[in-house]
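Each remark here refers to the structure printed beneath this line.
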């Protein structure tokens with residue numbers, strides 16, 4: 001589901017998407033997905049799109065926080081927590097630095113399996 005969320009965020013132009021693997025240090029989630037939006041309206045739009053698309057797949061969040069202001073929106077999907085920041089607010093809170101000792105799952109690594117499937121057979 002991490003790959004699916006990242007793809008949905010990319011579809012709506014989320015910026016600087018980072019996936020943190022939290023499994024080894026916390027017991028309340030497996031992954032943080034952190035991204036930036038260029039405005040509060042963009043952050044709300046990303047949130048709305050993600051909620052709508054995942055609901056179509058029967059996936060409901062446990063909780064949504066921060067939608068009203070659009071500065072920092074948190075979508076709690078239990079094993080995955082999505083943080084959508086208006087970019088200046090992301091710099092202020094610097095979650096990547098706060099959780100810096102957690103391994104970052106490179107977007108390249110997240111999509112490696114999908115890319116392998118799309119390679120021409122002669123490679």
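Just so you know, all these numbers are worked out from the coordinates, no wet-lab data involved. Everything numeric here is computed off the predicted structure, so don't read it as measured data. Methodologically, a virtual Cβ is constructed for each residue, glycine included, from the backbone with ideal geometry; neighbour enumeration extends over all protein chains shown.
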Which of 86, 28 has the fewest Cβ neighbours within 10 Å, and the rest in rising order: 28, 86
Segment residue 16-residue 65, length gained on full extension (0.36 nm per residue, minus Cα span): 15.6 nm
Rg/Rh (Cα only; Kirkwood hydrodynamic radius) as it applies to segment 1-69: 0.96
Residue order, fewest to most surrounding Cβ atoms within 10 angstrom, among 1, 22: 1, 22
